Amino acid sequence: MEKFPRTMVGGLSLPRMIIGCNWISGYSHRSIECDKEIQRRHSDPHSAAEIFEAFLEYDINAACGLFGIDANLYKAVDIAQEKTGKEMIVIDEPIFSVDDTPFARHDAEVMIKESARRGTKICMPIHSKVEELMNKNAKTMDRLPDYLKMIRDAGMIPGLSAHCPEVVQFADYNEYDVETYIQ
């Protein structure tokens with residue numbers, strides 16, 4: 001196989017496989033010791049760039065991660081793009097407060113705009129924050145449409161990161177402006 005199959009999401013051509021960055025950024029979901037080892041191994045952006053370059057050989061050019069938390073990820077994308085001449089698609093999972101206060105909404109908007117400024121194409125608020133918005137009794141996610149609008153207004157494609165299956169069900173049921181999911 002020379003090129004990996006692709007699909008369209010919100011008018012953007014994406015590979016059907018996305019590079020996940022948890023194991024690059026040090027989120028093993030196993031132990032603190034494992035996280036520290038990963039962080040040590042990938043403390044230099046060139047390490048992650050080599051991983052990205054291997055995927056780019058097969059036109060797998062989309063990476064999903066905590067780009068706002070791990071500054072090395074953007075640097076690694078830049079290095080891989082420069083070395084290969086291929087553009088990467090950044091899918092950011094920003095972390096922001098979803099409290100129902102003016103300050104929290106402002107903070108969310110600032111974080112979302114910053115993600116767009118850095119070149120993110122698809123913005124998927126991190127699953128733990130999205131799940132805080134869930135009202136299982138009403139089958140809604142309170143205030144989620146506000147965040148999705150902020151994402152759309154910032155020029156990015158809105159998506160959702162989810163561990164909880166109801167996130168996908170509730171978003172579809174309520175016809176929220178969500179182009180794609182990662183679970």
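The values are calculated or read from the model by the stated rules, or taken from the named source; none is laboratory data. Model, not experiment: these values are computed from the prediction. No Cβ is skipped: glycine too gets one built from the backbone with ideal geometry, and neighbour counts run over all protein chains shown. Heads up: the accessible areas ignore ligands, DNA and RNA and are worked out on the full protein's heavy atoms, side chains in. Shrake-Rupley method; radii C 1.70, N 1.55, O 1.52, S 1.80 Å.
Within the range 80-99, the set of residues being open to solvent by less than 70 Å² (accessible area, probe 1.4 Å), over 18 Å from Lys149 (Cβ atoms) and either part of a helix (DSSP H, G or I) or β-branched (Val, Ile, Thr) (or both) comprises Ala80, Gln81, Thr84, Ile89, Val90, Ile91, Ile95. Per the conditions (1) out of contact with any Phe, Trp or Tyr (no Cβ under 8 Å at 6 or more places or on another chain); (2) surrounded by fewer than 22 Cβ atoms within 10 Å (Cβ to Cβ), the sole criterion not satisfied by Thr140 is (1).
Only one of Ala71, Ala104, Ala116 is aliphatic (A, V, I, L, M) and open to solvent by 50 Å² or more (accessible area, probe 1.4 Å); which?
Ala71
Taking the criterion of being open to solvent by 40 Å² or more (accessible area, probe 1.4 Å) and more than 17 Å from Gly85 (Cα to Cα), the residues of the range 36-56 that qualify are Lys36, Glu37, Gln39, Arg40, Arg41, Ser43, Asp44.
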